[in-house]
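Asks: One structure coming up, written as structure tokens, with questions to follow.
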Amino acid sequence: MNSQLKYIEYVAEFAKSNKIHIWLGGSFLNGNATSFSDVDISVFCCRGKLNDFIYGYGEPVYISYTSNPLGILIVIYADGVAVDLEIVEKVDVEDGVYFHREDIKKLRYIREEKLCRKFAINNDISYQISRLFHRSLIKFLAGKKNIGVVIANEIVTFMELTDLVNENDYKAKFIELMKIYDERYGFQNGYYKLLCELIEKLDKTECVLM
């Protein structure tokens, strides 16, 4: 969890230094985060500052966006920090505090739904599906093994395969699924490396895919 806490420190300092409003949400706000939890934040600023904010922490290995709801970026960094970043277009806020440890949903605000595509590294469907590899792994590692398996099998369905991933041989099936995806579409190097690092955590053995 050290990486996520380091990231939250970065968020707080960036908000204060640049006088932009950022709200912390999700499990890190509610106090029930795990070592594999995403960091949920909502950011109210112009496009230029948002770009500075995203890349100021480090070079992301993956950026995409959700389609339902629109207006949330998925940003994953090389150190494993995964961020659900809600882009805020309008919000009623008057105080002089810029980093908010409170639920933005208590405020009146409008989410920016058009900007996400501008920040995505790639917009094609196979790239967006590749996000599910990371999501499956972190769910499985966090002890939500059934959810991790379900998410992995969403990838199986997308690629029209018949050999389903299951809990008993999750690692072997998952590695094979990664190989097939990589042959068809290709992973970006940084993202591929992060997935391998997460796979190693399953049983502390080396992940060899090439």
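No value in this document is a laboratory result; all are computed from the given coordinates. What you see is a predicted model, and the numbers here were worked out from it, not measured in a lab. Cβ sites come from the backbone with ideal geometry, for glycine too, and all protein chains shown count toward neighbours.
Asks: In the set (1) 32, 18, 15; (2) 23, 21, 17; (3) 29, 23, 18, which value of semi-axes √(5λ) of the Cα gyration tensor in Å was calculated from the structure you see?
Replies: The value computed from this structure is option (1).
Asks: Additional query: Taking neighbour counts of Cβ atoms within 10 Å as a proxy for exposure, in what order, fewest first, do D203, D169 appear?
Replies: Working: D203 7, D169 10.
Arranged by neighbour count, lowest to highest, D203, D169 become D203, D169.
Asks: Sticking with this structure for a sec: So, in nm, how far is label I180 from label C46 when the simple model puts each one 7 Å beyond its Cα toward the Cβ?
Replies: Distance between label points: 4.8 nm.
Asks: Which entries of K114/K144; K118/K171; K90/K144; K144/K193; K19/K201 have Cα-Cα distances beyond 31 Å here?
Replies: Beyond 31 Å between Cα atoms: K114/K144; K118/K171; K90/K144; K19/K201.
Asks: Next question, about the same structure. Any idea what the dipole of segment 2-119 comes to, in debye rounded to 20, about its Cα centre with Lys/Arg Cβ at +1 and Asp/Glu Cβ at -1?
Replies: 300 debye
Asks: With a Förster radius of 30 Å, plug the Cβ-Cβ distance of E94 and N122 into 1/(1 + (r/R0)^6) and report the FRET value to the nearest 0.05.
Replies: 0.20
Asks: In nm, to one decimal, how far is the modelled label at E102 from the one at N18, with both set 7 Å along Cα→Cβ?
Replies: If labels sit at E102 and N18, their model points lie 2.3 nm apart.
Asks: Okay, next question. In which sequence would I54, I41 go, from the one with the fewest C-beta neighbours within 10 Å to the one with the most?
Replies: I54, I41
Asks: Continuing with this model, one more query. So, by mean Cβ neighbours within 10 angstrom, what's the order for 153-160, 172-179 with the highest one leading?
Replies: Descending packing order for the listed peptides: 172-179, 153-160.
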